[in-house]
Amino acid sequence: MSPLDPIRVELPDEAATIRLAEDVAAKLAIGDVIALRGDLGAGKTSFARALIRAVAGNSELEVPSPTFTIVQTYDTRLPIAHFDLYRLGSADELEEIGFDEAVSEGVVLVEWPERAEESLPANRLEIALEIHGAGRVATLSGDAGWLKRLRRTLAIRAFLAAAGMADAIRRHLQGDASTRAYERVETPDGRRAVVMDAPERPGPAVRDGRTYDDLAHRATNVRPFVAMSDGLRAAGFSAPAILAADMPAGLLLVEDLGSEGVLTGGAPDPGRYGIAIDVLAALHAVPRPVDLSLPDGTIHRIPPFDEGALAIEVDLLPRWYAPYVNGEPLSDEAEMAFVAVWCELFERFDAVEKSWLLRDFHSPNLLWLSEREGLRRIGILDHQDAMIGASAYDVASLLQDVRVSVEPALEHLLADRYVAARRALGTFHEAAFREAYAISGAQRATKVLGGFARLAAAAGKPQYLRHIPRVRGYLRRCLRHPVLSGLALWYERYLPLDD
């Protein structure tokens, strides 16, 4: 079968039409145009209504036919404009009714596209609906990008069917800054789960023939997630159970731990953050294995937070943040001094107590599970990039949360709580922890400043820039520790942290 061959889908009943609309909705992006073709009664409006409701996440949303209004708009997760061109006098009228503007700002659905054939974008998705016996048949055609998206979303539907959830409603679930995508799925009988859609991503070589992910030890497939999730649960912590997996395809069906986080009113909840700190103290107090078994009988070896990983992460600052601030790259002298400072800091960082370093242990990845007891009240997500490294790193990740402000008083209170908990659980060296905490916080802030500047400049995600003042503030806190005096002088000389 050619990659550009149309996709034909049998739709024996209305439920099947709704499922196909949800499958298409799951892969939509700003700028998409879908042309719906078919005779009267073929199901164009039914399909459009189901798709709009899927994007809105509301199965009861009022979606009238735009036959008389010509266009209906919806302020949903992705803005949608639903056009019916049956009454259009000529293609020239498209500009008058705001067609081009709708395409630039959101998703456009077009019924009766033949009324303006030559004026529609060439890279649109075509869906032709025909009556077929007691049901319908849909033929989907488009360019290579569209067909790749369609085959992926239909593969997810087949994956759900194999897991006993063929009739599940699919709804978008907010993801992270990675290329992974998530959906919450629910069957008519109330069974719920989360789909992780994470096809393997090789990435381009950036240094010595190795990719950024390889150097930074970031997961490029779902195997580390499965291993760490099972490992955390076996250790008595709350991580999502793996309900079904197609690891070669990069698809997981995992336990839905809900949506209640550790913030209250957009600010850290001291009680919930306190339990999260207790989780880290318990996690770090016991030696943890480097090798974790996978269901297929293979082993996932947790990588070390080595000098290469640290270096490639902090390198984001001179590559992206410095040009964002200064409008030009750093000088060679500044870069050489930056590398020298971090080489020295790595030696101290590498000599401290190590444990599982979950890497992104902060509010977006922590859930509050009020129905559970003890430490299991904290649900832990997004742990696939775990390494073996300084125990202090995840404490800094939580108490210097890059997406929400943790005030200094609360940071100090919770850091002291961690120290007290560790002392109660066995031998603990507080001075070494405080030093590693400062280095961890500074390394993380340095990486994040560069990473967020990159997301804004290279990935078209300027919303991440709003966090930069907060992260600069955390970095200034860290630089007060004597172990970071050299790094503090570097920033003062080459890249002042002024607001």
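Here are a few things to note about the model shown:
- log10 of Debye I(q)/I(0), alpha-carbon scatterers only, for the chain at 0.07 Å⁻¹: -0.46
- Counting every alpha-carbon pair across the stretch 7-122, the share separated by more than 17 Å comes to 52%.
- Share, in percent, of DSSP beta bridges within the chain that are antiparallel, nearest 5: 75
- Rolling a 1.4 Å probe across all protein chains gives THR139 an accessible area of roughly 40 Å².
- Calculated from backbone phi, Karplus (6.51, -1.76, 1.60) coupling profile of the stretch 313-330 in Hz, x at Gly/Pro: 6, 5, 5, 4, 5, x, 6, 10, 6, 4, x, 5, 7, 8, x, 7, x, 5
- Which of ASP84, ASP306 is most accessible, then next, and so on - probe 1.4 Å: ASP306, ASP84
- Nearest-10 value in Å² for the accessible area of TYR474, using the 1.4 Å probe: 10
- Note on surface exposure: ILE169, ILE127 rank ILE169, ILE127 by accessible area, highest first, 1.4 Å probe.
- Of the residues VAL33, VAL286, VAL103, the one with the largest accessible area comes first in the ranking VAL286, VAL103, VAL33, computed with a 1.4 Å probe on protein heavy atoms.
- Computed FRET value (nearest 0.05) for GLU10 with THR264, which takes r as the C-beta separation and R₀ as 51 Å: 0.55
- Theoretical ellipticity at 222 nm over the chain - DSSP helices of four or more residues, -39500 (n - 2.57) apiece, nearest 500: -12000 deg cm²/dmol
- Converting phi to 3J(HN,Hα) with the Karplus coefficients 6.51, -1.76 and 1.60 and the offset θ = phi - 60°, the stretch 139-145 yields 10, 10, 9, x, 7, 4, x Hz in sequence order, with x at every glycine or proline.
- Quarter of the Cα convex hull surface for the stretch 64-175, i.e. its orientation-mean projected area (nm²): 9.3
- Nearest-ten-degree value, helix 468-478 long axis tilted from longest Cα axis of the chain: 20
- Per-residue SASA remark: GLU114, around 80 Å² accessible (1.4 Å probe; ligands, DNA and RNA not included).
- Under 5 Å, built H, 5+ apart or other chain: amide partners of LYS354: SER391
- Spacing of the two label points (7 Å from each Cα toward its C-beta) at GLU117 and ASP189, in nm: 4.9
- Compared with the dominant Cα axis of the chain, that is its longest principal axis, helix 270-285 is turned about 60°.
- Across the stretch 158-172, computed HN-Hα scalar couplings (Karplus, 6.51 cos²θ - 1.76 cosθ + 1.60, θ = phi - 60°) run 5, 4, 5, 4, 5, 8, x, 10, 4, 9, 5, 6, 9, 9, 4 Hz from first to last residue, x flagging Gly and Pro.
- The stretch 125-162 and the stretch 78-123: distance between their alpha carbon centers, rounded to Å: 22
- Cross-link partners for LYS148 among the lysines, with Cα-Cα distance under 17 Å and sequence neighbours closer than 8 places in the same chain left out: LYS27.
- Between 0 and 90°, nearest 10: helix 44-56 axis offset from the chain longest Cα axis: 20
The values are calculated or read from the model by the stated rules, or taken from the named source; none is laboratory data. Keep in mind that what you see is a predicted model, and the values were worked out from it rather than measured. Positions of Cβ are backbone-derived with ideal geometry, glycine not excepted, and every protein chain shown enters the neighbour counts. Ligands, DNA and RNA are excluded from the accessible area calculation, which covers all protein heavy atoms including side chains. Shrake-Rupley method; radii C 1.70, N 1.55, O 1.52, S 1.80 Å.
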